[in-house]
Amino acid sequence: MTRRTFAGGLLAAPARKIRAAIIGTGHGHAHSKLLALQSMAEYEFAGLARPEKDDPAIGPAFAKAPSLTVSQICNDPSIEVVAIECADASQNLKYAQECIHAEKWVHLDKPPGADLNGLRKLLNDARTRRRHVQMGYQWRYHAGIEGAMEAARKGWLGRVYRFRASIDKPILDDERRHLAKYKGGMMFSEGCHLIDRATALLGKPTQVHGFLRHHSPANDSLADNNLVVLEYPQAIAEISLAGFDPHGNQHRYVEILGTNGSAKASPFNPVRLTVTLKEPQGPYQRGAQSLVPPDPPGLPYTPDFAILAAIRNGAAPDYTPEHDLITHQVLLEACGML
């Protein structure tokens, strides 16, 4: 199953549903992951564990979810898939390890802790147990970004020489306090999504340069105005993000530039893809064209869990453990956290 064909897995429910559970409520994606699992024909949602009592539980679906403990999830062989969604990245890595030891299939939300060796051990243990850890990077199945990536991969843009991307958003005091615990600040928490897209297209960089700055008048240590530059033999990737733009969602973008033109996904929501070519290639004409690629079927994160169900049934993953390890190594290096 590939990024372009996962929708086929949504057409019919399997003969036996896959029982799934969630550990944690504090991650910003947790509520959407819960709704996705509850909505899908492939899954039967077994329940929710909230081991970190300080984690917020924002969203009405949490109150209605059956309550479990981590031990109950790990010791129940009928529960096969677990999504790890705590606010603290290091705790998420710990719970993912417990679930792999219990021979579960794991969806691990980003970023996967601050310990590269810990992630390496997790991925190796999953391979030994013939299980898979799926990373929850947010834009792996975003229609606009995938359209730009496809144009680059298929050579329609010519020789790619530049990848650039940005996500800005205003962040409030509570989120600042949480993110300030990590040296990488916003880059660690949010930039990981874009680093994942850069490494998926260009691979492992030869050099990583991180510029992490605190430019808010707030009396904290949060790196809230950041830039990362990844060097490749024939290309450069630039990734920036900051915590100030009151209209940040409107200005988010992923742009890929090549010798025959460019492809840019912006904004992310509503989805918009702009392709500008010197010469026509693939389905695209010469000049600029603005498109609205159709969203994948289902709710946000339905594609992730549809693909995880397919992997559990024997399909090869879209993203290998090697790719996930490279992405995390680049992230930690960019954040000065290796």
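Every number in this text was worked out from the coordinates using simple rules, so none of it is lab data. From a predicted model like this one, the values you see are computed outputs, not experimental measurements. Every residue, glycine as well, gets a Cβ built from its backbone with ideal geometry; the counts of neighbours run over all protein chains shown.
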Restricting to Cα pairs under 8 Å and 6 or more apart, the percent relative contact order of the range 143-295 works out to 32 percent
The range 165-185 to the range 208-254: how many Å between their Cα centroids?
11 Å
Assuming R0 = 30 Å, what is the FRET efficiency of residue 249 and residue 153, from their Cβ-Cβ distance, to the nearest 0.05?
0.65
So, in Å, what gap is there between the alpha-carbon centers of the range 110-147 and the range 11-63?
18 Å
At R0 = 35 Å, FRET efficiency that the Cβ-Cβ distance of residue 288 and residue 231 yields, to 0.05:
0.75
Quick one: angle between helix 143-153 and the longest Cα principal axis of the chain, in degrees between 0 and 90, rounded to 10, please.
60 degrees
Ranked by how many other beta carbons lie within 10 Å on average, peptides 113-119, 20-26, 237-243, 74-80 from highest:
20-26, 237-243, 113-119, 74-80
Based on the Cβ-Cβ distance of residue 221 and residue 338, what FRET efficiency does E = 1/(1 + (r/R0)^6) give at R0 = 25 Å, to the nearest 0.05?
0.85
Could you work out how much longer the chain between residue 313 and residue 183 gets when fully extended? Use 0.36 nm per residue separation minus the Cα distance between them, nm to one decimal.
42.9 nm
Output wanted: per-residue J couplings in Hz (rounded whole) for the range 161-172, from phi through Karplus 6.51 cos²θ - 1.76 cosθ + 1.60, θ = phi - 60°, x for Gly and Pro.
10, 8, 10, 9, 7, 8, 9, 10, 6, x, 10, 8
Within the chain, what percent of beta bridges assigned by DSSP are antiparallel, to the nearest 5?
55 percent
Too long at a 20 Å Cα-Cα cut-off: which of 33/264; 17/94; 121/183; 104/204; 33/110?
33/264; 17/94; 121/183; 104/204
Using 0.36 nm times the number of residues separating residue 162 and residue 72, minus their current alpha carbon distance, what extension gain do you get?
27.6 nm
